[in-house]
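To start, the structure itself, in structure tokens.
The values are calculated or read from the model by the stated rules, or taken from the named source; none is laboratory data. Every value quoted in this text rests on a predicted model; they were computed, and no experiment measured them. Reconstructed Cβ throughout: ideal geometry from the backbone, glycine too, with neighbour counts over all protein chains shown.
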Amino acid sequence: MRSFPPARACAIAVAAACGVLATGVSAAASPVPRGSLTLTVYTVGSGGGWKAEIATLSCPAGTSSSHPDATEACADLTNVRGDLGDIQEAPQKCPSAYKAVKGRAVGVWAGQPVAWERIFANRCELNGTTGGAVFNF
């Protein structure tokens, strides 16, 4: 086994570590979701309790999602860095009928936890307030 002076041994160790880190960085550069959310829309059921409709959304689109319009929903969320409260409202003419719905998003976006929940007068208001695509399932 070859022996190196301490300074050179340290330099070799640092170079080796950098090589490992560089390899790790390039592996991390492969497409991975920026976010993974479970989206739930609760509507009032016939017995008065909440009935849940659930979709999963993983971004970028094309990864495992049950959301029917993952591409558009991911675009809306990417534009606001995963903050549903910052989504630009979609212009919609909603009926004035009151049929309460609750929208909930739970998961992770860019490594940060997401926990969002709001109650709306109806499904149209939920969809319009959240950009039109995120809860449209």
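Which one is nearest to I119 (Cα to Cα), of the residues in the stretch 68-88 that are without any contact (Cβ under 8 Å) to a residue 12 or more places away in the chain and either assigned to a helix (DSSP H, G or I) or more than 11 Å from the chain's Cα centre (by Cα) (or both)? The extreme case among them is D86.
The rows are residues; the columns are (1) modelled with pLDDT under 85; (2) under 17 Å from A100 (Cα atoms); (3) in the same structural domain as V80 (by TED's automatic domain parsing); (4) touching a helix residue (DSSP H, G or I) at 6+ places or on another chain (Cβ under 6 Å).
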site	(1), (2), (3), (4)
V25	yes, no, no, no
V44	no, yes, yes, no
A55	no, no, yes, no
C59	no, no, yes, yes
G62	yes, no, yes, no
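Here S65 fulfils each of the conditions (1) in contact with a Leu (Cβ under 7 Å, 6 or more places away or on another chain); (2) in contact (Cβ under 8 Å) with a residue 40 or more places away in the chain apart from (2). In the condition set (1) touching a Gly at 6+ places or on another chain (Cβ under 8 Å); (2) under 14 Å from N136 (Cβ atoms); (3) surrounded by fewer than 13 Cβ atoms within 10 Å (Cβ to Cβ), K51 is compliant with all but (2). The listed residues are G103, G128, and the only one of them that is assigned to a helix (DSSP H, G or I) and more than 11 Å from the chain's Cα centre (by Cα) turns out to be G128.
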